[in-house]
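Beneath this line is the structure, given in structure tokens, with notes to follow.
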Amino acid sequence: MSEFVLDFEKPLFELESRIREMKEYSENENVEIADEITRLQQKAKKLRAEIYSKLTRWQRLQLARHPQRPYTRDYIERMIDGFFEMHGDRAFGDDPAMIAGFGRLGDKKVAIVGHQKGRTTKQKLHRNFGMPHPEGYRKALRAMRLAAKFKRPIICLVDTPGAFPGIGAEERGQAEAIARNLFEMSRLPVPIIIIIIGEGASGGALGIGVGDRVLMMENTWYSVISPEGCAAILWRDSTKAEEAAEAMKLTVDDLLELGVVDSCIKEPTGGAHQKYDAAAQILKETILAELVELEKLPPEDLIEARVEKYAKMGFFNE
Amino acid sequence: MDWFKRAKEGLQPQKKKEMPELWLKCNACGEIIYKKELEKNFFVCTKCNFHFRMKSSEYIANLLDDNQFDEFNSNLTSVDFLKFKASKRYSDQIKTAIKKTGQNDAIRTGFGKIHGHEIVVCIMDFSFIGGSMGSVVGEKIARAVDEAIKRHLPLMIISASGGARMMEGAISLMQLAKTSSRLAKLSEAGLPYISLITDPTTGGVTASYAMLGDINIAEPGALIGFAGPRVIKQTIGQDLPDGFQRSDFQLHHGFLDAVVSRHDMKNKLKEVLDFTMDVQIAAEDLNGELMPETMPELAELPLPDSDNLADEAVNN
């Protein structure tokens, strides 16, 4: 599907193009090399499984940033029926870097919010590379409050390189907007499911990231700052990003171990960008299964458990 | 040019003696101020009103009655659970910071009184790894909130922080959620939370508890923001306007209730506590030169006994 090839995918890409060439050759020249093709296909399958079973943290991060990776809208289009998109924070404006709205997920009525990145240069600029301004967080909160009012669960899709660091963002209270969301989300009386679908950077991610279940897709990252930012500050050298990625332990395996996330959502082999439909189907089924569990809890228990979930996060000596 | 050469061998330069800093230079106006003088003036420049950064112990002395701070959970210390190493090892940084500051981490929590009002106070120390928030800061704030709820007391957090502690990875990010969700619980219990913001307060601390006060107060000239000025400058590629992200900027944009000089701070805090708490203050608890002229009237009020005090508190 994608023409964009990451370094570690190259051997696989080369093998696959060789298979394609051989197929063409066999068809055009009417030469019988089916055995050889099958052999190579087996080899490719094995190689694919091998490459993707032992990705380094940096490689996973590259997949999370893959230009063909499905974004919030790609999932909404495939998972949600009758999506109504809400706009504006009712105070300043509308932020295209954040999507908020509601619709049906299978037989459930849900509210859904998520960061939105752009695909083409024009779209990227329009979506501000998935970096929201305060009005984005306030719009998201508006959608979540609406869900709470009508007792509908909330789905949050996280995919951001961070909240936007700019003059306007500071003037309109980026910090306050994020803080308010953390505060409010911790007490909404409906189930909240968070899914990291790409990048989860810092407060910009957490601003729509407090919930009852926090799930991470296989090829994503989530941490307190981007590896580039961390390297720039702690190594004083942003080219040390790969080292920083390793040090910060930001993959789903790391965060399962640390207790920051509850489970991993498998992606089609080779990454979600290989098969959008399959990735969306897995995501939809996972959310529906989680909702069945969460909807059993009365609101007070739900809130209590949510506060308790975050209360347990931390390591210290006493 | 012989006379420039040292005639006698074996002369050693005098060793620099460790001198206590008797004089300090104002960062803003350059005025040289006698330290004792500065201390007396709440570490505020006598010439230009610049507020020097203060240590937690100095906030205790300036704001709490009789310099009394009944500290709890001071034994909590940070752990290098990621085995994090950048240009320094995190484990070494922790040790160095403890030695340098005499504190166990970037925040102290405890009970005190402000003009007679009992209160739970959390005070950050910027000198401890940039006042960064890791597991210990998050846990101590969470427990402080629990104490406030349990004893039906107001809460104040004095912030001074560069943000979340990167050396604790995603766990440090989770402290934003941990502290904010606890404060939501405090709010639901009907108790006030005062956020006192000092220089500098940025990143994850601003994006969580510093901005969540029922009342947000800042000291003059404090840098308060989400992204640091350097990051913003790099992102947008232009210089930042004067006063950007300083206290007055935040007041102007609607994120602070007041910018208060240290000279008036204690009285201002009392006003908030008087309004939000139903507790009557015993006259003998009112002391100090900071009291406004109107205060003596309070002495006429009947003194509540402790039982009444508790009843009133429960009804609050």
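The values are calculated or read from the model by the stated rules, or taken from the named source; none is laboratory data. Predicted, not measured: the structure shown is a model, and the values here were computed from it. All Cβ positions, even for glycine, are placed from backbone atoms using ideal geometry, and neighbour counts span all protein chains on display. Heavy atoms of the whole protein, side chains included, go into the accessibility calculation; ligands, DNA and RNA do not. Shrake-Rupley method; radii C 1.70, N 1.55, O 1.52, S 1.80 Å.
Within segment B:188-211, the set of residues being over 15 Å from the mean Cα position of the chain (by Cα), more than 17 Å from residue B:130 (Cα to Cα) and either modelled with pLDDT under 95 or of a type in the set (A, V, I, L, M) (or both) comprises B:189, B:191. Selection of segment A:246-269 for residues being assigned to a loop (DSSP other than H, G, I, E, B) and among the hydroxyl-bearing types (Ser, Thr, Tyr) yields A:251, A:269. Against the condition touching a residue at least 40 places away in the same chain (Cβ under 8 Å) and of a type outside the set (S, T, N, Q), how does residue B:229 come out, does it pass? So residue B:229 fails the test.
Residues checked against (1) modelled with pLDDT under 95; (2) out of contact with any Cys (no Cβ under 9 Å at 6 or more places or on another chain):
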site: A:235; (1), (2): yes, yes
site: A:240; (1), (2): yes, no
site: A:264; (1), (2): no, yes
site: A:271; (1), (2): yes, yes
site: A:274; (1), (2): yes, yes
site: A:279; (1), (2): no, yes
site: A:287; (1), (2): no, yes
site: A:294; (1), (2): no, yes
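Elements of the type helices (runs of 4 or more DSSP H) sitting completely within segment B:25-111 and holding at least 1 residues that are assigned by TED's automatic domain parsing to the domain that holds residue B:166: these cover B:56-63, B:90-101. Determine, yes or no, whether residue A:195 is of a type in the set (A, V, I, L, M), more than 12 Å from chain B (Cβ to nearest Cβ) and in contact with a strand residue (DSSP E or B) (Cβ under 7 Å, 6 or more places away or on another chain). So residue A:195 passes the test.
In segment A:163-176, the count of residues that are in contact with a strand residue (DSSP E or B) (Cβ under 7 Å, 6 or more places away or on another chain) and in the same structural domain as residue A:276 (by TED's automatic domain parsing) is zero. Kindly establish whether residue A:35 is open to solvent by 40 Å² or more (accessible area, probe 1.4 Å), assigned by TED's automatic domain parsing to the domain that holds residue A:225 and among the charged types (D, E, K, R). No. Within segment A:215-222, can one find any residue that is within 14 Å of the chain's Cα centre (by Cα), within 18 Å of residue B:164 (Cα to Cα) and either touching a residue at least 24 places away in the same chain (Cβ under 8 Å) or assigned by TED's automatic domain parsing to the domain that holds residue A:187 (or both)? Within segment A:215-222, one or more residues are within 14 Å of the chain's Cα centre (by Cα), within 18 Å of residue B:164 (Cα to Cα) and either touching a residue at least 24 places away in the same chain (Cβ under 8 Å) or assigned by TED's automatic domain parsing to the domain that holds residue A:187 (or both). Looking across segment A:153-168 at every residue that is facing chain B (nearest Cβ under 9 Å) and under 26 Å from residue A:75 (Cβ atoms), the one that is farthest from the chain's Cα centre (by Cα) is identified as A:164.
The residue that is nearest to residue B:135 (Cα to Cα), among those in segment B:80-106 that are open to solvent by 40 Å² or more (accessible area, probe 1.4 Å) and facing chain A (nearest Cβ under 9 Å), is B:81. Selection within segment A:1-52: residues that are of a type in the set (S, T, N, Q) and assigned to a helix (DSSP H, G or I). The member of this set that is nearest to residue A:64 (Cα to Cα) is A:17. Scanning segment A:266-293 for residues that are among the hydrophobic types (A, V, I, L, M, F, W, C), buried (at least 18 other Cβ atoms within 10 Å of the Cβ) and more than 25 Å from residue A:13 (Cβ to Cβ) yields A:283, A:287, A:291.
Can you say whether residue A:237 is in the same structural domain as residue A:202 (by TED's automatic domain parsing) and free of Cβ contacts under 8 Å to residues at least 60 places away in the same chain, as far as the supplied structure shows? In short, yes.
In the set (1) free of Cβ contacts under 8 Å to residues at least 24 places away in the same chain; (2) among the charged types (D, E, K, R); (3) touching a His at 6+ places or on another chain (Cβ under 7 Å), residue B:188 fails one condition alone, (3).
Where residues in segment B:162-181 are farther than 25 Å from residue B:276 by Cβ and of a type outside the set (A, V, I, L, M), which of them is farthest from the chain's Cα centre (by Cα)? Across segment B:162-181, the extreme among qualifying residues is B:169. From the list A:208, A:192, the one residue that fits, being in contact (Cβ under 8 Å) with a residue 40 or more places away in the chain, closer than 16 Å to residue A:72 by Cα and surrounded by 24 or more Cβ atoms within 10 Å (Cβ to Cβ), is A:208. Between A:83, A:129, A:150, the distinction of being within 14 Å of another protein chain (Cβ to nearest Cβ) and surrounded by fewer than 24 Cβ atoms within 10 Å (Cβ to Cβ) belongs to A:129 only. Taking the criterion of being open to solvent by 10 Å² or more (accessible area, probe 1.4 Å) and either on the phi > 0 side of the Ramachandran plot or of a type in the set (A, V, I, L, M, F, W, C) (or both), the residues of segment B:122-143 that qualify are B:126, B:129, B:130. Of everything in segment A:223-260 that is open to solvent by less than 20 Å² (accessible area, probe 1.4 Å) and either facing another protein chain (nearest Cβ under 7 Å) or aromatic (Phe, Trp, Tyr) (or both), the residue that is nearest to residue B:231 (Cα to Cα) is A:230.
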